[in-house]
Amino acid sequence: MLYLTVAAELSENIVKVSTKNSETDPAEFCFDLVCTSCREMHDSPVTINSFEKHDMSGSRGEASFTLKCKFCQNECSINLSPFEDALYAQPQENKDKRKKHGLGKVALNEAVILQLDCRGCDLKVFHFDNLIFLVELASGKIMECQFEQGEDEWYDYDDDANEEVSITEFKYQFVKGK
């Protein structure tokens, strides 16, 4: 099982950052992937959401994403499911849930946002600039955030509180677990 973790420096007025993800407006998670059979990189990023399900050929199962490698015809599938709801400014105690999934070494200031069951492919890059994030402020206000391509920081201004809001040093990593 593969897990996607995110971490960032949040301005003091931010309580938490989460992906904007609902059945009516699903988050489209975007990845670069490699076939585990022939090691060829898929020629374009793929987008996956946690609400769509596709039948797997030759199986009764379903997956969030299916693909046949154009180089070796290997069947690839990914099941994507949310794991933790948000990246919090104050570290949350999720040790038990993380330990159960073999993620005890993931720092508490990181959020494990996705659980990814990858069959026949490996994920190499997460394109977070494709997502809209909801930023909850200490004042209760919720702002939307979208990173520019190639950028790891976002700045805005809260007119109600007359203060700057920022997310900097946004980073991700794939972590293997149970």
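The values are calculated or read from the model by the stated rules, or taken from the named source; none is laboratory data. All of these numbers come straight from a predicted model, not from anything done at the bench. Quick reminder, even Gly has a Cβ in these numbers, built from the backbone with ideal geometry, and neighbours come from all protein chains shown.
Only residues that are closer than 15 Å to V135 by Cβ and in contact (Cβ under 8 Å) with a residue 40 or more places away in the chain: list them for segment 153-178, please.
Across segment 153-178, the qualifying residues are D158, A161, E163, E164, V165, S166, I167, T168, F170.
Is it the case that F29 is touching a helix residue (DSSP H, G or I) at 6+ places or on another chain (Cβ under 9 Å), of a type in the set (A, V, I, L, M, F, W, C) and within 25 Å of K178 (Cα to Cα)? First the steps, then the outcome.
Values: touching a helix residue (DSSP H, G or I) at 6+ places or on another chain (Cβ under 9 Å): yes; of a type in the set (A, V, I, L, M, F, W, C): yes; within 25 Å of K178 (Cα to Cα): yes.
Against the criterion (touching a helix residue (DSSP H, G or I) at 6+ places or on another chain (Cβ under 9 Å), of a type in the set (A, V, I, L, M, F, W, C) and within 25 Å of K178 (Cα to Cα)), F29 qualifies.
Quick check on V6: is it among the β-branched types (V, I, T), modelled with pLDDT of 95 or more, assigned to a strand (DSSP E or B) and within 24 Å of R98 (Cα to Cα)?
Here the answer is yes, as V6 does meet what is asked.
Mind checking whether some residue in segment 79-86 is of a type in the set (G, A, S), assigned to a strand (DSSP E or B) and crowded, with 19+ Cβ neighbours inside 10 Å?
For segment 79-86, residues of a type in the set (G, A, S), assigned to a strand (DSSP E or B) and crowded, with 19+ Cβ neighbours inside 10 Å: absent.
Does D32 satisfy the condition of being surrounded by 15 or more Cβ atoms within 10 Å (Cβ to Cβ), over 30 Å from Y157 (Cβ atoms) and among the charged types (D, E, K, R)? Please lay out each step first, then the result.
Working: surrounded by 15 or more Cβ atoms within 10 Å (Cβ to Cβ): yes; over 30 Å from Y157 (Cβ atoms): yes; among the charged types (D, E, K, R): yes.
When the stated conditions are applied, D32 passes them.
Here is a yes/no grid of residues against (1) modelled with pLDDT under 95; (2) more than 13 Å from the chain's Cα centre (by Cα); (3) farther than 20 Å from Q173 by Cα:
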residue: D55; (1), (2), (3): yes, yes, yes
residue: K70; (1), (2), (3): yes, yes, yes
residue: A86; (1), (2), (3): yes, no, no
residue: N94; (1), (2), (3): yes, yes, no
residue: L116; (1), (2), (3): no, no, no
residue: D122; (1), (2), (3): no, yes, no
residue: F128; (1), (2), (3): no, no, no
residue: L137; (1), (2), (3): no, yes, yes
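Could you tell me which of the residues C76, C72 is touching a Ser or Thr at 6+ places or on another chain (Cβ under 9 Å), farther than 16 Å from L4 by Cα and not in a loop (DSSP other than H, G, I, E, B)?
Numbers: C72 fails: not in a loop (DSSP other than H, G, I, E, B).
Result: C76 is the single residue among C76, C72 that is touching a Ser or Thr at 6+ places or on another chain (Cβ under 9 Å), farther than 16 Å from L4 by Cα and not in a loop (DSSP other than H, G, I, E, B).
Here is a list of conditions, (1) among the charged types (D, E, K, R); (2) assigned to a strand (DSSP E or B); (3) closer than 19 Å to E28 by Cβ, and E136 meets all of them except one; can you say which number that is?
Every listed condition holds for E136 apart from (3).
Do you know which of the residues in segment 120-178 that are in contact with a Ser or Thr (Cβ under 9 Å, 6 or more places away or on another chain) and of a type in the set (G, A, S) is farthest from F71 (Cα to Cα)?
The extreme case among them is A161.
Restricting segment 30-54 to residues that are assigned to a strand (DSSP E or B) and touching a Ser or Thr at 6+ places or on another chain (Cβ under 7 Å), which is farthest from F126 (Cα to Cα)? First the steps, then the outcome.
As a first pass, look at segment 30-54 and keep what is assigned to a strand (DSSP E or B): 30-35, 41, 46-48, 54.
Of the ones still in play, those that are also touching a Ser or Thr at 6+ places or on another chain (Cβ under 7 Å) are 30, 48, 54.
Details: C30: 6, I48: 11, H54: 21 Å.
The residue in question is H54.
Looking only at residues that are loosely packed, with under 14 Cβ neighbours inside 10 Å and touching a Lys or Arg at 6+ places or on another chain (Cβ under 9 Å) in segment 42-61, which one is farthest from S81 (Cα to Cα)?
D43
From S57, S18, grab the single residue that is more than 13 Å from L123 (Cα to Cα) and in a loop (DSSP other than H, G, I, E, B).
None of the others qualify; the one that does is S57.
Among the residues of segment 99-109 satisfying the criterion of being surrounded by fewer than 20 Cβ atoms within 10 Å (Cβ to Cβ) and touching a residue at least 12 places away in the same chain (Cβ under 8 Å), which is farthest from A7 (Cα to Cα)?
From segment 99-109, those surrounded by fewer than 20 Cβ atoms within 10 Å (Cβ to Cβ) are 99-102, 104-105, 107-109; that's our starting set.
Going one step further and asking which of them are touching a residue at least 12 places away in the same chain (Cβ under 8 Å), we end up with 100-102, 107-109.
Details: K100: 21, H101: 19, G102: 19, A107: 9, L108: 10, N109: 7 Å.
In this case the residue turns out to be K100.
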